[in-house]
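Written below as structure tokens is the structure these notes are about.
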Amino acid sequence: MAENSLRIFVEKNPSDSKLSELNIKCWPKWGCSPGKYQLKFDAEETCYLLKGKVRVYPKASLSTSTAEMVEFGAGDLVIIPKGLSCIWDVSIAVDKHYQFQSSSSSSSSSCDH
């Protein structure tokens with residue numbers, strides 16, 4: 001059974017129309033200072049970095065001997081798969097909008113721009 005589903009997807013500089021369509025300005029914000037953080041994602045997360053630079057080192061699974069480092073930063077739209085365990089090496093403080101995938105879709109009409 002392949003673990004390819006635990007890949008981080010990075011879209012560099014998505015269009016303004018895509019960001020508007022996703023309603024990113026309504027998503028919660030999160031930030032952290034430079035450092036190393038061990039994280040496990042219990043749900044798929046989509047995030048848009050306003051500031052920062054991160055190198056993510058996924059932990060190798062039983063079916064893969066190595067895991068590829070992924071780098072992203074300000075202006076990138078990132079999808080982190082559910083079940084991923086990784087280390088975030090933050091070189092520039094992060095400020096991001098984020099949203100977790102849930103079984104029920106949240107209403108986007110409750111946001112004031």
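Quick look at the numbers
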read-out	value
Filtered residues of the stretch 30-49 (kept if in a loop (DSSP other than H, G, I, E, B) and farther than 17 Å from residue 95 by Cβ)	41, 42, 43, 44
Given (1) at pLDDT below 95; (2) closer than 19 Å to residue 6 by Cα; (3) in contact with a helix residue (DSSP H, G or I) (Cβ under 8 Å, 6 or more places away or on another chain), index of the condition residue 113 fails	(2)
Flag if residue 105 is at pLDDT below 95, out of contact with any strand residue (DSSP E or B) (no Cβ under 7 Å at 6 or more places or on another chain) and farther than 20 Å from residue 7 by Cβ	yes
Pick from the stretch 57-76, criterion modelled with pLDDT of 95 or more and small (Gly, Ala, Ser), ranking: surrounded by the most Cβ atoms within 10 Å (Cβ to Cβ)	73
Scan of the stretch 30-48 for residues that are open to solvent by less than 80 Å² (accessible area, probe 1.4 Å), of a type in the set (A, V, I, L, M, F, W, C) and in contact (Cβ under 8 Å) with a residue 60 or more places away in the chain, ordered by number	32
Hey, residue 52 on the phi > 0 side of the Ramachandran plot, at pLDDT 95 or above and outside any helix (DSSP H, G or I) or not	yes
Subset of the stretch 1-29 [touching a strand residue (DSSP E or B) at 6+ places or on another chain (Cβ under 8 Å), open to solvent by less than 100 Å² (accessible area, probe 1.4 Å) and in a loop (DSSP other than H, G, I, E, B)]	8, 14, 27, 28
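The values are calculated or read from the model by the stated rules, or taken from the named source; none is laboratory data. Predicted, not measured: the structure shown is a model, and the values here were computed from it. We place every Cβ from the backbone using ideal geometry, glycine too, and count neighbours over all the protein chains shown. Side chains are part of the model used for accessible areas, which takes the heavy atoms of the whole protein and leaves out ligands, DNA and RNA. Shrake-Rupley method; radii C 1.70, N 1.55, O 1.52, S 1.80 Å.
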